[in-house]
Amino acid sequence: MQTGRRSARETFANLPHVDSRYVRDLLGKELQGFDRKIVVLDDDPTGVQTVHGISVYTDWSPESMERGFREEKPMFFILTNSRGMLASESEAAHREIAERAAAVSRKLDKPFLIISRSDSTLRGHYPLETETLKDTLEKRMGIRYDGEVLLPMFKEGGRFTIDDIHYVQYGDELVPAGETEFAKDRTFGYTTSHLGEWVEEKTGGRYTAEDATSIALEDIRALRLERITAQLLQVNGFGKIIVNAADYVDVEVFAIALIRAMKAGKNFMFRSAAALPKVLGGIGDRPLLKREELIREDNGRGGLVLVGSHVRKTTEQLEELMKLSSLSFIRLDSHLVTEPDKFAAEVDRVIAEAEKRIAEGRSVTVYTRRERLELGEGRREEELKLAVKIADAVTSIVRRLRVRPNYIVAKGGITSSDIGTRGLGVKRATVAGQIKPGVPVWHTGEESRFPGMAYVIFPGNVGSASTLREVVEILEGR
């Protein structure tokens, strides 16, 4: 088994070809008889980065849940933003969501399945969230979950699982996820790239790598559907299922076998990145969005770009964006958060300056200091509280604006969630599509602060160094 770095070009070239049209025809037939509402729980707003024409709800009130179930579309998203929650908060939220989904399902006599959409680089409250969903739904629905599907493949972001090893692509190099900066996350870090071993690590040995069921790329590419279905039918005791996938066609082949197993009576929970919802929802491809689809009415004002994410890729993209001389750049000195009066004055300064330039028709980028605020050993909880205050300040920029920007771009998952829900006050948005691969756009609802606005949700870890600049150039009409 190859566990080190490998060439993307050579790896993909050596994979057997599959007739994707034939696979999609088979999948379409299976989906025709698959009458279940798909509820996707998104732990930050970037999970809609593969879909279009789908609703996103920013709360899980009984009213929102029922409205989602009643939609004609087979799927809807609920933004939980749980990656920004404490473990106890996420557990409570997922219990409540499961209870409400079960109640609406019974009321409308509509079966459903839940997909826990999380980070394609394996960060998040796992196994807490899926175990909470499982336990609650088993109690409320009187069902038994046989297994849990793990499918973090996300092609647009360069995330692939091969030989049970999860990789992140950098240029032509596939780097095991455990060797990336994401594995060193201070909250959700991990040490291994092998998904079976990752499960063993995250569950404290309750589920072992040896006991996991591996769906091999070799079987997927050979269209061994009966073998894959048989593997799924044998899973029990909430066993873990590792899906190897290097392209959408691999997810589609697996989905055919998965639906057949579910039709035979098996129940599964899902922890996935953004590819699986698109495939199970039967959502086709659409071209990348153009400016005229995004900005329906040009108001002559400037746009607003907010950069909060601190991952290395975001900083590289910000540096590239700064080459656009037509934009104004305003740095928010986020380290002043340790001095409340000075920080409040700093936020006031940034808002006033941004508002003035937007009103003049000049687009503005507001960014936090690139260095993380670190207080030293043993003060992690204090750092988290200060980080929340910084996020609140960034959100307040949108909430307090007295002029409507031509567009808003938010860089970073937690940043974009806070701005969407608390800054813009969105309750329900429609996913317009993607402006660049893996970069989704919402059209905000009528209830929001700026109705019908193009709100670009730019994940912190997606794209090349130039992608953020390219997105802004599209919005600016360049």
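Every number here is computed from the coordinates shown, using simple stated rules; none is lab data. What you see is a predicted model, and the numbers here were worked out from it, not measured in a lab. Glycine gets a Cβ as well: all are built from the backbone with ideal geometry, and neighbour counts include every protein chain shown.
Between Ser61 and Lys110, take the C-beta separation as r, use R0 = 22 Å, and let me know the FRET efficiency to the nearest 0.05. All intermediate terms of the calculation are to be shown ahead of the outcome.
Values: r = 18 Å, r/R0 = 0.81.
Efficiency, from the Cβ-Cβ distance: 0.80.
Need one number: convex hull volume per residue for the range 291-476, Cα atoms only, in Å³. Each step should come with its number before you reach the end.
Values: hull volume 20.1 nm³, N = 186.
Hull volume normalised by residue count: 108 Å³.
Which angle between 0 and 90 degrees, to the nearest 10, do you get for helix 20-32 versus the longest principal axis of the chain when only C-alpha atoms count?
80 degrees
Hey, what angle do you get for helix 467-476 against the long axis of the chain, alpha-carbon based, 0 to 90 degrees rounded to 10?
60 degrees
Is there a pair in Lys139/Lys266; Lys202/Lys436; Lys155/Lys240; Lys278/Lys436; Lys37/Lys139 whose C-alpha atoms are over 24 Å apart, and which pairs would that be? Show your work: numbers first, answer last.
Details: Lys139/Lys266 17 Å; Lys202/Lys436 33 Å; Lys155/Lys240 22 Å; Lys278/Lys436 16 Å; Lys37/Lys139 20 Å.
Flagged as over cut-off: Lys202/Lys436.
For the range 222-338, what log10 I(q)/I(0) values come out of the Debye formula at q = 0.10, 0.24 1/Å, with one point per alpha carbon and no solvent?
-0.62, -1.44
From the Cα trace of the range 287-353, what convex hull volume per residue do you get, rounded to a whole Å³? Present the calculation step by step, with values, prior to reporting the outcome.
Numbers: hull volume 9.3 nm³, N = 67.
With only Cα atoms used, the range 287-353 gives 139 Å³ per residue.
Can you compute the helix-only [θ] at 222 nm over the chain? Use -39500 (n - 2.57) per DSSP H run of at least 4 residues, normalise by all residues, nearest 500 deg cm²/dmol.
Details: 16 runs with 179 residues, N = 478.
Estimated from H runs of four or more residues: -11500 deg cm²/dmol.
To the nearest 10 degrees, how steeply does helix 340-359 sit against the main Cα axis of the chain, on a 0 to 90 scale?
90 degrees
Length gain on complete extension for the stretch Arg380 to Glu447, per 0.36 nm per residue less the alpha carbon to alpha carbon distance?
Numbers: separation 67, 0.36 × 67 = 24.12 nm, distance 3.71 nm.
Fully extending the segment from Arg380 to Glu447 adds 20.4 nm.
What is the gain in length, in nm to one decimal, between Glu316 and Glu89 on full extension, counting 0.36 nm per residue of separation less the C-alpha to C-alpha distance? Working shown, then result.
Numbers: separation 227, 0.36 × 227 = 81.72 nm, distance 3.29 nm.
Taking Glu316 through Glu89 to full extension adds about 78.4 nm, to one decimal.
Where the Cα atoms of the chain are projected onto their three principal axes, how long is each span, largest first, in whole Å?
On the principal axes, the chain reaches 63, 50, 46 Å in Cα extent.
Quick check: net charge around Glu99, other residues with Cβ under 10 Å of its Cβ, Lys/Arg +1 and Asp/Glu -1?
Working: positive: Arg95, Arg100, Lys139, Arg140; negative: Glu96.
Local net charge: +3.
Which distance in nm do the two modelled labels at Glu371 and Phe12 give, with both placed 7 Å along the Cα-to-Cβ direction?
3.9 nm
Kirkwood hydrodynamic radius of the range 310-407 from all distinct Cα pairs, in Å?
Values: mean 1/r = 0.0684 Å⁻¹.
The Cα-based Kirkwood calculation yields 14.6 Å.
As a test, work out the antiparallel percent of DSSP beta bridges whose residues both lie in the chain, rounded to the nearest 5.
Details: 24 of 69 bridges.
Bridges in the chain that DSSP calls antiparallel: roughly 35 percent.
Compute the label zone of Lys29 within the range 263-299: residues whose backbone N is under 17 Å from the point 7 Å along Cα-to-Cβ.
What the label zone holds, given the 17 Å backbone N cut-off, is 263-264.
Rounded to the nearest 0.05, what FRET efficiency is calculated for Glu297 and Glu210 with R0 set to 51 Å and r the Cβ-Cβ distance? Walk me through the numbers on the way to the answer.
On the way: r = 59 Å, r/R0 = 1.16.
Approximately 0.30, to the nearest 0.05.
Restricting attention to the range 322-409, which trypsin sites (Lys or Arg not before Pro) occupy a DSSP loop and are surrounded by at most 16 other Cβ atoms within 10 Å?
Lys323, Arg362, Arg369, Arg370, Arg372, Arg379, Arg402
What is the chain's relative contact order, in percent, from Cα pairs under 8 angstrom and six or more apart in sequence?
Working: 932 pairs, mean separation 89.4, N = 478.
Dividing the mean separation by the residue count of the chain yields 19 percent.
Please quote Rg/Rh for the range 84-149 to two decimal places, taking the Kirkwood radius as Rh and restricting both calculations to Cα atoms. Don't skip to the end; give the middle numbers.
On the way: Rg = 12.3 Å, Rh = 12.6 Å.
For the range 84-149, the value is 0.98.
Asp285 label point, 7 Å along Cα→Cβ, cut-off 17 Å on backbone N: hits in the range 12-26?
17-26
Based on DSSP, what percent of beta bridges with both residues in the range 159-255 are antiparallel, to the nearest 5?
Working: 10 of 13 bridges.
Of those bridges, close to 75 percent are antiparallel.
Quick one: if the Förster radius is 22 Å, what FRET efficiency do Ala222 and Arg36 give, using the C-beta to C-beta distance and rounding to 0.05? Write down the numbers at each step before the final one.
Values: r = 28 Å, r/R0 = 1.29.
About 0.20, to the nearest 0.05.
Quick one: if you stick a label point 7 Å off each Cα along the C-beta vector at Lys184 and Ala359, how many nm between them?
Calculated label separation equals 4.5 nm.
Using Cα centres only, tell me the gap between the range 291-350 and the range 421-458 in whole Å.
So the two Cα centres are separated by 18 Å.
I'm checking a number: the convex hull volume of the Cα atoms of the range 6-280, normalised per residue, in Å³. What is it? Intermediate values should be presented prior to the final figure.
Details: hull volume 33.6 nm³, N = 275.
Given the Cα convex hull of the range 6-280, per-residue volume reads 122 Å³.
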